[in-house]
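The values are calculated or read from the model by the stated rules, or taken from the named source; none is laboratory data. In this text, all values refer to a predicted model and were calculated from it rather than measured experimentally. Neighbour counts run over all protein chains shown; Cβ positions are idealised from the backbone, glycine included.
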Amino acid sequence: MIVVQNHDIENENCNISHQMLFQTPVFEIEIKDIDNKKLLENVYKLKKIDPDGCQRSNYGGWHSSLFTITKEQDQDSIHLFTPLFEKLQYILPILPFEPTIVSFQKCVIWANINNKNSFNDRHNHPGCDLSGVYYVKVPSGNAGSITFYDPRQALSYSDHFVKTRYVGGERIARFPIEGNMYLFPPSLEHSVMPNETDEDRISISFNLSLE
């Protein structure tokens with residue numbers, strides 16, 4: 001378990017232990033030497049095969065069907081996302097968790113194509129251990145940030161003092177960078193702002209059930 005160390009303040013009138021509780025991990029990972037060209041080709045192939053995709057949190061754009069992958073099945077599905085899976089097998093064990101993550105039992109994975117003005121409404125990903133999104137293609141300009149929402153809902157009722165001093169508000173935006181990935185708790189609500197560019201923003205999202 002990773003815990004932010006207490007900040008102790010000693011004074012002639014009192015001693016204060018400043019403790020951070022209910023911490024929420026988000027990992028921003030720059031992946032080096034990944035074959036984005038192959039991933040890009042495969043995503044567009046998926047769209048050609050299944051042009052309608054499915055409707056989830058997306059408004060506009062294209063959301064592929066879900067692929068459920070385990071060690072024993074769906075080798076064809078794994079092939080579609082091979083460049084990403086090759087990197088995940090190295091990334092998961094070096095995340096700062098105890099015990100160390102060895103691998104995953106199941107992965108539910110899908111592709112997203114967000115064209116101009118498309119976005120994703122606020123949602124979370126129940127029923128797994130870790131969620132992630134990888135950015136295959138990010139056009140120049142305002143391609144739409146991913147916005148994470150403070151999971152402590154009571155803070156939205158009041159507590160302006162705490163919000164402004166510790167988290168800067170009820171939400172935190174992160175702007176997509178091609179080749180970067182975010183990993184986060186599946187309970188952490190998030191949304192994706194509209195892509196205001198004339199090109200597609202392409203990402204691959206997934207839910208992991210870990211060993």
Within region 5-52, tally of residues that are closer than 22 Å to residue 96 by Cα, free of Cβ contacts under 8 Å to residues at least 60 places away in the same chain and in a strand (DSSP E or B): 1
Which residues, taken from region 13-39, are under 21 Å from residue 150 (Cα atoms) and exposed (fewer than 10 other Cβ atoms within 10 Å of the Cβ)? 21, 22, 23
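Of all residues in region 53-65 being among the polar types (S, T, N, Q) and in contact (Cβ under 8 Å) with a residue 12 or more places away in the chain, which is surrounded by the fewest Cβ atoms within 10 Å (Cβ to Cβ)? Before you say what the answer is, go through the steps one by one.
Taking region 53-65 first, the residues among the polar types (S, T, N, Q) are 55, 57-58, 64-65.
Adding the requirement that they be in contact (Cβ under 8 Å) with a residue 12 or more places away in the chain leaves 57-58, 64-65.
Numbers: 57: 17, 58: 19, 64: 20, 65: 12.
Checked region 53-65; the qualifying residue surrounded by the fewest Cβ atoms within 10 Å (Cβ to Cβ) is 65.
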Applying the selection to region 159-211, what residues are part of a loop (DSSP other than H, G, I, E, B), more than 14 Å from residue 132 (Cα to Cα) and among the small types (Gly, Ala, Ser)? 168, 169
Just to be sure I understand, how many residues within region 166-206 are at pLDDT below 95 and of a type in the set (Lys, Arg)? 1
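Need at least 1 residues that are closer than 19 Å to residue 189 by Cβ, of a type in the set (A, V, I, L, M, F, W, C) and at pLDDT 90 or above per element, so show me which strands (runs of 3 or more DSSP E) inside region 55-132 make the cut, counting only ones lying wholly within it.
Numbers: elements: 67-70, 104-114, 119-123.
Output list reads 104-114, 119-123.
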Just give me the residues in region 175-196 being surrounded by 15 or more Cβ atoms within 10 Å (Cβ to Cβ) and under 25 Å from residue 22 (Cα atoms), in sequence order. 181, 182, 183, 184, 185, 186, 188, 189, 190, 191, 192
